[in-house]
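A.B. asks: Below is one structure. I have some questions about it.
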Amino acid sequence: MIDTLKNTRNLPDSALQELLESTDAALAQRLKDTAREVCLKVKGPEVLIRGLIEWSNVCRNDCLYCGIRRSREGVVRYTLTPEQILQCCDRAWNDGVPTFVLQGGENPAAAKSLIPTVREIRERYPSAAITLSLGELPFELYAALKEAGANRYLLRHETANPEHYASLHPAGMHLESRLACIRELKRLGYETGMGMMVGSPGQTTRNLVEDLRLMQEVSPHMIGIGPFIPQEGTPFENYPAGSAETTLRLLAIMRLMFPEANIPATTALATLLPGGKQIGILAGANVIMNVYTPITERKKYDLYKGKTDV
Ligand code: 5AD
């Protein structure tokens, strides 16, 4: 099996399932070691650091898993001002972090008001990467933000299975529209990221293989995955968290399938697994996100229970 690992793309579904489910600890370790080796060869030894700016926790959506879903009570809602955003970018830049990731709830009207801020960031830092993660927006807004200077966009597909997608989201949200956005972002020339939660309620190993196949088809530049972690006051509060080990194996498989992709070891992984960011790097990830959100607002960006970095 291990000889074929470097050829992960060509593994049949059954072999991918086996890698995800196997109780053979030595096999799992070889998978991660091989991924790390490929990462070092293809991406080099540098771990890339991104500056995460949690811009707003106001969201029009009501995703069943999410701590900033519209109907969750007790969330103190905030949106950073343009001045605050620029201060976050200045801090990141001065720390030697030239990639700003503006992430927030889905809120098209507010996202539109970000256009001048994006333009200002681009003028101040012509060489910086400006990454947006603002959910599903009208295509013309994606285009306007791109024109203002944004060059990357993260939009997780969450699950590649339409029925599973429907069970994680309220009526009115469809996998199809999510994928249409992802394809449009690519078409507009954004470096585009997708990804899924691992171990979300109802997810099977088969679904994870579907996620890998979907990503093979779309070929994203970036892939963000993390374990599902239940959040109090959401419909999924009593479901168990996803598995850190499965997340690590997926990171490894993704590195082998998409050697060039930028793949973060996420905060969700580190929340479940102490040292998770470092352990994720050793399993094939090459990116870490440092939080630059102002301290006063961090706790309010409460996606899941126990989030580290607050
Ligand atoms: N557990 C883990 N990840 C979550 N996200 C949202 N809620 C949770 C949760 N309860 C992830 C989603 C989303 C990203 C911003 O955070 O995948 O795309």
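A.B. asks: Starting from the Cα of LYS112, draw a straight line to each of the aspartates and glutamates and keep only those under 17 Å, dropping any in the same chain fewer than 8 residues away.
C.D. replies: Candidates past the 8-residue exclusion: GLU54, GLU83, GLU120, GLU136, GLU140, GLU147.
A.B. asks: With an 8 Å Cα cut-off and a minimum separation of 6 or more residues, compute the relative contact order for the range 225-293 in percent.
C.D. replies: Once normalised by length, the contact order is 31 percent.
A.B. asks: Let me ask another. Below 8 Å between Cα atoms, with a sequence gap of 6+, how large is the relative contact order for the chain in percent?
C.D. replies: 25
A.B. asks: Which angle between 0 and 90 degrees, to the nearest 10, do you get for helix 25-43 versus the longest principal axis of the chain when only C-alpha atoms count?
C.D. replies: In the chain, helix 25-43 runs at an angle near 50 degrees to the longest axis.
A.B. asks: Per-residue HN-Hα couplings for the range 45-54, Karplus 6.51 cos²θ - 1.76 cosθ + 1.60 at θ = phi - 60°, whole Hz, x for Gly and Pro?
C.D. replies: For the range 45-54, the Karplus curve yields x, 6, 9, 7, 10, 10, x, 8, 10, 7 Hz.
A.B. asks: Let me ask another. If you roll a 1.4 angstrom probe over the protein chains with everything in place, what fraction of the accessible area of the range 54-243 belongs to carbon and sulfur, to the nearest %?
C.D. replies: 52
A.B. asks: 222 nm [θ] for the chain, helices only, -39500 (n - 2.57) per DSSP H run of 4+, per residue, to 500?
C.D. replies: Theoretical 222 nm ellipticity from helices: -12500 deg cm²/dmol.
A.B. asks: Another one. Along the charge dipole of the chain, which of LEU16, SER200, GLN216 sits closest to the positive end, that is, farthest toward it, with unit charges on the beta carbon of Lys, Arg, Asp and Glu (+1, +1, -1, -1)?
C.D. replies: GLN216
A.B. asks: Grab the Cα-Cα distance for ARG119 and SER219, subtract it from 0.36 nm times how many residues apart they are, and report the gain in nm with one decimal.
C.D. replies: 33.2 nm
A.B. asks: Calculate the length of the line joining the C-alpha centroid of the range 240-310 to that of the range 108-133, in whole Å.
C.D. replies: Cα centroid to Cα centroid, the span is 24 Å.
A.B. asks: Now for a different question. Could you name the lysines whose alpha carbon sits less than 28 Å from that of LYS305, not counting residues in the same chain fewer than 8 places away?
C.D. replies: LYS305 reaches LYS32, LYS277.
A.B. asks: Next question, about the same structure. What is the dipole size for the chain, taken about its Cα centre, with +1 at each Lys and Arg Cβ and -1 at each Asp and Glu Cβ, in debye to the nearest 20?
C.D. replies: 440
A.B. asks: Provide TRP55, TRP93 ordered by accessible surface of protein heavy atoms (probe 1.4 Å), highest first.
C.D. replies: Accessible-area ranking of TRP55, TRP93, largest first: TRP93, TRP55.
A.B. asks: Could I ask something else about it? According to a simple spin-label model (label point 7 Å from Cα along Cα-to-Cβ), what is the distance in nm between THR205 and VAL76?
C.D. replies: Rounded to a tenth, the inter-label distance reads 4.5 nm.
A.B. asks: Still on this structure, please answer the following. Output the lone cysteines of the chain: those with no second cysteine's C-beta under 4.7 Å from their C-beta.
C.D. replies: Within the chain, the cysteines lacking a partner Cβ under 4.7 Å are CYS39, CYS59, CYS88, CYS89, CYS181.
The values are calculated or read from the model by the stated rules, or taken from the named source; none is laboratory data. As the structure is a prediction and not an experimental result, all values here were calculated from the model. Neighbour counts are summed over all protein chains in view; Cβ atoms, including those assigned to glycine, are modelled from backbone coordinates with ideal geometry. Side chains are part of the model used for accessible areas, which takes the heavy atoms of the whole protein and leaves out ligands, DNA and RNA. Shrake-Rupley method; radii C 1.70, N 1.55, O 1.52, S 1.80 Å.
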